[in-house]
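This report concerns only the one structure given below.
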Amino acid sequence: MAVDSVTIALVGSGGAGVMTAGQMLLDAAAQVGWYGLMSRSSGPQIRGGEAAALVRLSPKPVEGPGDRFDLIIAFDWQNVERFAAELPMTAESVIVTDPSQGDVPAVLAASGARIIELPIKELAGKIPGGRVNMVGLGAVASIVGLPRAGVDAVIDKALGKKGEGAVKASAAGIDAGAKEVAGWGLGLELTAPEARTGIRWNISGNEAAGFGALKAGVKFCAAYPITPATEILEWLAPNLARTGGLLVQAEDELASINMIVGASFGGVPSITATAGPGLSLMTEALGLAVASETPVVVVDVMRGGPSTGIPTKSEQSDLNIAVNGLHGDAPHLVVAPTSIADCLFTTQWAVHLAEALQTACIVLSDQSMGQSRAVVDKPADQPFKAQRLLADGLDSGELFKRYAVTGSGVSPTAIPGMPGGEHTADGLEHSERGLPSSQSSDHHKQLDKRLRKLVGHDYGIHWADIEGDGDVAVLTWGSATGPAREAVARLTAAGHKVRLVSLRLLSPVKPELVAEALKGVSRVLVVEQTHGAQFHKHIRAHVDLPGTVSVLSQPGPLPIRARDVQQALASIL
């Protein structure tokens, strides 16, 4: 009997090729019309060590990890204990192990999963140029019922440049693995994909964020490489160049944020990407962008903290610093994508908002979205572009008031070189002309102005994703949205009425919009991946949540799964 979802882990030490095999599995599934999600687990080491490709396949879109792993195939067991907690299994799970690599670790065998031996290394050794990961890929493809045509297409594309020998050796390995598991009948064959005509993408969150910046009109990026944000820079470097833009690898995060402030002051839409430690270093310069009303965008791909923390694992714990980390009263924008595909839209929207409102905008992605790949339907095109309100009539002879107090709070700006637009711009408090001032009247006017333009802006429907109805609501954000959405869908299918509210706009909080989204709700479940319930406290500081409020606040590195949200909801239904 076919299943609607299967979750697979390919594990092995660095160099065994688990990531390559996992990527090929996802690509082949996409070729035949399935959807999928691939995340990865590894330690903080530069090379070698433990590694796992975590793949979930389904005929329907996938936004979060499965409740358990249905199949684990191990090329070896080196240091698997270090991430065994990330591999939940039950007695219905299957572990495929190579007898030459020793016994299944007790921490995994204790799940009661069925253990089957497959001589992966021996089979690969019989093939000239054979590799264990191709044998494993063939076995997994056969177990889940992945058509061979999809696998062959991926092999030809991935290895064609290496020559006919590499393609033949890989094909032989896939044949060997598939032949060995034929007839096992594990009950893990996926339901056939539905016929679809639309375009689908195979993309990571970091790639999507880079594309969103490009679509919005970003022309300059300065950044310092840092896990797990570096792929944004790697994607932007060639693609910015193709559009006439430029990426500079700065010497550190301090340099990168100041470079984009300078480029933006010169009229060029600019962006940087970093992780928590880098964001900490950028906070002073972000305050300069707020005070000088210079638009910049910082994509923070969050990881476990504090300090160096866990660079290769995901967490949502940069929320506090993103919202409150700037000194003084420094209102700025904080937004968060709700899925891998949404990394494109949210980053594009962030650039548009930063430019329109002349301020800093922090985009809170995280490792689980940034470094994971998903097969998704092509996102709809959006019109949001970088566009500033430029001053006109500067040749009238009147002195230019760069920081003129306006009803909207947004002042017409001038790009250096515009005749008549000369003004002072620095980090000091200032008058409407930009002249440094310590007078209370100027300070109060500019504080009010900088806040008014953010809280008074119409963010349209994009401030949150709101789905479903009922008097029970899940309130969440970021990467927790996918598991929450799946849990809500399960309960809805069982006859319960549950609504989902996932915030994309985290700061400024719009209390009236949150209240309207939760109108009629008597029970609220807040879901987030932090230890200190940062999101819950952030929202409660601005909004009186209705009825009884429960919190599912789980820190990384273990991901939030749909079953976690479903169980928490079941306790309040």
Query raised in the report: among the acidic types (Asp, Glu) and part of a loop (DSSP other than H, G, I, E, B): does that describe Asp67?
Result: yes
Report task. Keeping to region 266-300, report how many residues are under 22 Å from His443 (Cα atoms) and over 24 Å from the mean Cα position of the chain (by Cα). Result -> 10
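Residue by residue, here is whether (1) out of contact with any Lys or Arg (no Cβ under 6 Å at 6 or more places or on another chain); (2) in a loop (DSSP other than H, G, I, E, B) holds:
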site: Gly407; (1), (2): yes, yes
site: Ser411; (1), (2): yes, yes
site: Gly417; (1), (2): yes, yes
site: Thr424; (1), (2): yes, yes
site: Leu428; (1), (2): yes, yes
site: Asp448; (1), (2): yes, no
site: Lys453; (1), (2): yes, no
site: Ile466; (1), (2): yes, no
site: Gly470; (1), (2): no, yes
**Report entry** Subset of region 90-103 (residues that are buried (at least 20 other Cβ atoms within 10 Å of the Cβ), in a loop (DSSP other than H, G, I, E, B) and either of a type in the set (S, T, N, Q) or out of contact with any Lys or Arg (no Cβ under 6 Å at 6 or more places or on another chain) (or both))
**Finding:** Ser93
Query raised in the report: In region 404-426, what residues are closer than 20 Å to Pro269 by Cα and either in contact (Cβ under 8 Å) with a residue 24 or more places away in the chain or in the same structural domain as Gly266 (by TED's automatic domain parsing) (or both)?
Result: Val410, Ser411, Thr413, Ala414, Ile415, Pro416, Met418, Gly421, Ala425, Asp426
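It is to be established whether one or more residues within region 68-85 are exposed (fewer than 15 other Cβ atoms within 10 Å of the Cβ), of a type in the set (Val, Ile, Thr) and either modelled with pLDDT of 95 or more or within 24 Å of Arg131 (Cβ to Cβ) (or both). So that I can check it myself, show each step before the final result.
Of the residues in region 68-85, the ones exposed (fewer than 15 other Cβ atoms within 10 Å of the Cβ) are 81-82, 85.
Now drop any that are not of a type in the set (Val, Ile, Thr), which leaves none.
Checked region 68-85: no residue is exposed (fewer than 15 other Cβ atoms within 10 Å of the Cβ), of a type in the set (Val, Ile, Thr) and either modelled with pLDDT of 95 or more or within 24 Å of Arg131 (Cβ to Cβ) (or both).
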Report task. Find the residue count for region 170-196, including only residues that are within 36 Å of the chain's Cα centre (by Cα) and either buried (at least 19 other Cβ atoms within 10 Å of the Cβ) or modelled with pLDDT of 95 or more (or both). Result -> 14
Query - Among (1) within 30 Å of Thr359 (Cβ to Cβ); (2) in a loop (DSSP other than H, G, I, E, B); (3) more than 26 Å from the chain's Cα centre (by Cα) - the single one Gly556 does not satisfy - result: (3)
Requested in this report: Could you identify the single residue in Pro88, Pro65, Pro128, Pro99 that is under 24 Å from Gly173 (Cβ atoms) and either out of contact with any Asp or Glu (no Cβ under 7 Å at 6 or more places or on another chain) or of a type in the set (Asp, Glu) (or both)?
Outcome: Pro128
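One line per residue, one yes/no per condition, for (1) in contact with a helix residue (DSSP H, G or I) (Cβ under 8 Å, 6 or more places away or on another chain); (2) free of Cβ contacts under 8 Å to residues at least 60 places away in the same chain; (3) basic (Lys, Arg); (4) farther than 19 Å from Ser571 by Cα:
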position: Gly460; (1), (2), (3), (4): no, yes, no, yes
position: Ala464; (1), (2), (3), (4): yes, yes, no, yes
position: Pro508; (1), (2), (3), (4): yes, no, no, yes
position: Glu528; (1), (2), (3), (4): yes, no, no, no
Query raised in the report: Among the residues of region 287-302, which ones are hydrophobic (A, V, I, L, M, F, W, C), crowded, with 24+ Cβ neighbours inside 10 Å and outside any strand (DSSP E or B)?
Result: Ala289
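Please go through region 392-416 and pick out each residue that is among the small types (Gly, Ala, Ser) and modelled with pLDDT under 95. Working first, answer last.
Narrowing region 392-416 to residues among the small types (Gly, Ala, Ser): 393, 396-397, 404, 407-409, 411, 414.
Passing the criteria: Gly393, Ser396, Gly397.
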Report task. Considering only region 262-286, state which residues are in contact with a Phe, Trp or Tyr (Cβ under 8 Å, 6 or more places away or on another chain) and surrounded by fewer than 23 Cβ atoms within 10 Å (Cβ to Cβ). Result -> Ala263, Val268
Report task. Go through the residues of region 204-226 one by one and say whether even a single one is closer than 28 Å to Ile72 by Cα and out of contact with any Cys (no Cβ under 9 Å at 6 or more places or on another chain). Result -> no
Requested in this report: Working only within region 194-229, note down all residues that are touching a strand residue (DSSP E or B) at 6+ places or on another chain (Cβ under 8 Å) and polar (S, T, N, Q).
Outcome: Asn202, Ser204, Asn206
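The values are calculated or read from the model by the stated rules, or taken from the named source; none is laboratory data. Computed from a prediction, not measured in an experiment: that's the story for all the values here. For neighbour counting, all protein chains shown are included, and Cβ atoms are generated from backbone atoms with ideal geometry for every residue, glycine included.
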